[in-house]
Amino acid sequence: ENPIFFPQEQSYTISNSNIIKIATVTKELSQGRYGEFPLYVFCEDGIWTMQQGDNGIVYSSTHPISRDIAISSKSITSIDKAIVFVSTKGIHILNGSETTMISTFGLNRDDIIKDVSIEGENNIIVSNQEYLNNFKEFISTSQAGYNYNDNEVLFLKNGYSYIFSLNLETGEWSRQQ
């Protein structure tokens, strides 16, 4: 009961940098069941995993699994059996101990530029490159969420009347009002 003494059991050292967000891979109906699944800790120097323990030990070990760094806590969202996050390189999916880039903000794709109109005085698009820069800024600063019914990652930003979505089955981007 001594408030100055902290026993080492049930305490963990993750990284020497700040924690951005903690996430786990669970289905929508099982949120909050920490300890049953590996815990992923997104830090300013990469991603760490905490593996399940037994016999009263909640997590038995911690390991760095990726040097990819999430842009912000808002850019990390759990999906079925994986975690999606945004880095400066693009959108990644974390599955087990593997990270895979699933989109590079559309920088190498022509189809995302077709038939796009953004309203408002401050959002007039003059060229394809300007559109790509605005798109990257929007995705990098928005809140990520997951639409379980359509298997889409949604990117929402306060004050905007539209969202961008990335379909995880097809890899296609769309803009919705």
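Rule-based calculations on the coordinates, nothing more; no lab input. The model shown is predicted, which means the values in this text are computed figures rather than measured ones. Note: ideal-geometry Cβ built from the backbone for every residue, glycine included; neighbour counts use all protein chains shown.
Once backbone amide H atoms are built at 1.01 Å from N, E172 has N167 as its partners under 5 Å, excluding neighbours fewer than 5 places away on the same chain. Relative protection proxy for 135-144, 77-86, 161-170, from highest mean packing down: 77-86, 135-144, 161-170 (other beta-carbon atoms within 10 angstrom). Amide H contacts of S66 (H built 1.01 Å from N, in plane; Pro and chain starts excluded): I47 sit under 5 Å, all sequence-distant by 5 or more or on other chains.
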